[in-house]
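Reviewing the structure listed below.
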Amino acid sequence: MVATPSQMVALGTRLPDFSLPDTVTGKSYHSSSLEGAKAIVIMFICNHCPYVIHINSELVALGNDYKNKGVKFIAISSNDATHYPDDGPEKMRETAKRLGYPFPYLYDESQDVARSFGAACTPDFYVYDKNLSLVYRGQLDGSRPGSSIPVTGKDLRSALDLILAEKTPSAEQKPSIGCNIKWKRS
């Protein structure tokens, strides 16, 4: 597995508009439904990436811990399902149900949404404040597959706690590291 860092998009960037299908409900999910949240976490993940598999239980815990605090979570997979069938909508639905994802798991078949966010890897995290402005992009925590560091979600939890306290997370943020997004071949 090749470690790819996130691109660290400029803080202050506005939440891109998007509309994608939720692989569990089959309904279309639009970014406008996120308005009114105290914070929004957009996570680019997929089913087969060892970095995502390593943190899946913490993603579920985060979603459950913050859903009643005004934080909305969205997971998006943008991988090419033709060449990576484990990342297609059917398998996404199975994974979301099996793991009990407390957030929508959306499929970005065209990969346009990943491009609009500047997503580069899985997992890749983007946190927006109530004004839909990017205030955190970076790692969940310092744990990686095969490391002795426990998965705690420390970095992302700290950013969310600051936002909920109406404070701005420090601009000193470490990039997420994971598998590259599996872009479609031309």
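A short reminder: the numbers here are calculations on the coordinates, not readings from a lab. These numbers come from a predicted model, not from an experiment. When we count neighbours, we look across all protein chains shown, and the Cβ atoms used for this are built from the backbone with ideal geometry, even at glycine.
All other residues with a Cβ under 13 Å from the Cβ of Ser78 taken together, and with Lys, Arg as +1 and Asp, Glu as -1, what is their net charge?
-3
Treating only the Cβ atoms of Lys and Arg (+1) and Asp and Glu (-1) as charged, compute the dipole magnitude of the chain about its Cα centre; round to the nearest 20 debye.
Using only the charged Cβ atoms, the result is roughly 140 debye.
Per DSSP H run of at least 4 residues, take -39500 (n - 2.57); add these up for the chain, divide by its residues and hand me the 222 nm value, nearest 500 deg cm²/dmol.
Mean residue ellipticity, 222 nm, calculated: -7500 deg cm²/dmol.
Using packing as a proxy for protection, rank 123-133, 22-32 so that the peptide with the highest average count of other Cβ atoms within 10 Å comes first.
By packing density, highest mean first, the sequence is 123-133, 22-32.
Convert 4 °C to kelvin, take the viscosity as 1.567 mPa s, use the Kirkwood radius over C-alpha pairs of segment 79-147 as Rh, and evaluate the Stokes-Einstein diffusion coefficient in µm²/s, rounded to a whole number.
My calculation gives 91 µm²/s for D.
Could you please report the charge total around Gly26, scoring K, R as +1 and D, E as -1 over all other residues with beta-carbon less than 12 angstrom from its beta-carbon?
Residues close to Gly26 contribute a combined charge of 0.
Considering only Tyr29, Phe117, Ser158, whose Cα is most displaced toward the positive end of the charge dipole of the chain, charges sitting on Cβ of Lys, Arg (+1) and Asp, Glu (-1)?
Selected residue: Ser158.
Please work out which option in (i) 43, 39, 32; (ii) 53, 39, 29; (iii) 55, 36, 32 gives Cα extents along the principal axes in Å calculated from these coordinates, and answer with its label.
(i)
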